[in-house]
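Enquirer: Encoded as structure tokens, here's the structure I'll be asking about.
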Amino acid sequence: MKILFIGCVESSYKLLLALLENKICVTGVITKKESKFNSDFYDLSPLCKKYDIEVLYAKNINDDDSVRFIKRLNPDIGFCFGWSQLINEEVINIFPKGIVGFHPAQLPNNRGRHPLIWALVLGLEESASTFFMLDSGADTGTIVSQVIVRISYGDDAASLYKKIMDVAVKQELQFVKELENGTIKYIVQSPSKGNSWRKRNRKDGMIDWRMSSYAIYNLVRGLTHPY
């Protein structure tokens, strides 16, 4: 099974590294040379060079250069882990087995933006590591793997990020095997269930001293490194 990998952040690096270390076939990588948008941006090109994998730097995953790159490499499936653009259905349909996406939340709950930050700021006691098939919506596709991750009082953005990635790497290696041997079980998300988180803005990061001490604590731990 030939995988084309798409990503440009720290989680992308960890998930790509796990594939390569386990000798899983990655036929090419689409990434970014730099990003002012992603606070956890990670340059994947040194890793690709080490494993002799062809790289395309893309600003828009849906542009003609990306489409030509994908078609030329002729992958069976795409893995899109850590990319802040929706992929058009026309691009998804190039892949015979579709594209797997990743969202660190308990889908269908908490779709949308900034899932780790919102989970901490709102004081949630658990989140999840979820892999799903991309479709025309945002985080709405069929789930292929989901594991609950507990959030402790002492967690901040960095420790929760690590917790979820430790779980996600194990999931990834497992569902790759299941995809290859045809034993994977899909869970369809109900469109009538769940919720979506909005994009945060600068005002969301301001401390209002009328807030409770616990709310202030949650805000600070949600917006520490890498956010």
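Enquirer: So if I check each of Asp166, Asp155, which one is modelled with pLDDT of 95 or more, open to solvent by 40 Å² or more (accessible area, probe 1.4 Å) and within 28 Å of Leu219 (Cα to Cα)?
Expert: On the way: Asp155 fails: open to solvent by 40 Å² or more (accessible area, probe 1.4 Å).
When all the criteria are applied, what remains is Asp166.
Enquirer: Select from segment 126-152 the residues that are in a strand (DSSP E or B) and either of a type in the set (Val, Ile, Thr) or at pLDDT below 95 (or both) and write down the one among them that is nearest to Gly205 (Cα to Cα). If you could, list the steps in order and put the result at the bottom.
Expert: Within segment 126-152, the first condition is being in a strand (DSSP E or B), and the residues that meet it are 126-133, 143-150.
Imposing the further condition that a residue be either of a type in the set (Val, Ile, Thr) or at pLDDT below 95 (or both) reduces the set to 130, 143-144, 147-149.
Working: Thr130: 26, Ile143: 32, Val144: 34, Val147: 29, Ile148: 27, Val149: 25 Å.
Result: Val149.
Enquirer: In addition: Does segment 67-83 hold any residues that are surrounded by fewer than 20 Cβ atoms within 10 Å (Cβ to Cβ) and either under 13 Å from Ile30 (Cβ atoms) or in contact with a His (Cβ under 9 Å, 6 or more places away or on another chain) (or both), and which are they?
Expert: Across segment 67-83, the qualifying residues are Val67, Arg68, Phe69, Lys71, Arg72, Leu73.
Enquirer: Identify the residue in segment 29-63 that is open to solvent by less than 50 Å² (accessible area, probe 1.4 Å), assigned to a helix (DSSP H, G or I) and not small (Gly, Ala, Ser) and, among all such residues, is nearest to Leu73 (Cα to Cα).
Expert: So, considering only residues that are open to solvent by less than 50 Å² (accessible area, probe 1.4 Å), assigned to a helix (DSSP H, G or I) and not small (Gly, Ala, Ser), the one nearest to Leu73 (Cα to Cα) is Cys48.
Enquirer: Tally up the residues in segment 46-83 that are farther than 22 Å from Met1 by Cα and without any contact (Cβ under 8 Å) to a residue 24 or more places away in the chain, please.
Expert: Final tally of qualifying residues: 4.
Enquirer: Still on this structure: Please work out if Gly123 is open to solvent by 10 Å² or more (accessible area, probe 1.4 Å) and either modelled with pLDDT under 95 or part of a helix (DSSP H, G or I) (or both). Before the answer, list the steps.
Expert: Values: open to solvent by 10 Å² or more (accessible area, probe 1.4 Å): yes; either modelled with pLDDT under 95 or part of a helix (DSSP H, G or I) (or both): no.
No; evaluated as a whole, the condition is false for this residue.
Enquirer: Filtering segment 181-227 down to residues that are of a type in the set (Phe, Trp, Tyr) and more than 23 Å from the chain's Cα centre (by Cα), which residue is surrounded by the fewest Cβ atoms within 10 Å (Cβ to Cβ)?
Expert: Among those that are of a type in the set (Phe, Trp, Tyr) and more than 23 Å from the chain's Cα centre (by Cα), it is Trp209.
Enquirer: Report yes if Gln106 is in a loop (DSSP other than H, G, I, E, B), of a type in the set (S, T, N, Q), over 25 Å from Leu20 (Cα atoms) and touching a residue at least 12 places away in the same chain (Cβ under 8 Å), otherwise no. Steps first, please.
Expert: On the way: in a loop (DSSP other than H, G, I, E, B): yes; of a type in the set (S, T, N, Q): yes; over 25 Å from Leu20 (Cα atoms): yes; touching a residue at least 12 places away in the same chain (Cβ under 8 Å): yes.
Judged against the criteria, Gln106 is a match.
The values are calculated or read from the model by the stated rules, or taken from the named source; none is laboratory data. Predicted model only: the values in this text are computed from it and were never measured. Every residue, glycine among them, receives a Cβ derived from its backbone with ideal geometry; neighbour counts consider all protein chains shown. Please note that ligands, DNA and RNA were not included when accessible areas were found on the heavy atoms of the full protein model with its side chains. Shrake-Rupley method; radii C 1.70, N 1.55, O 1.52, S 1.80 Å.
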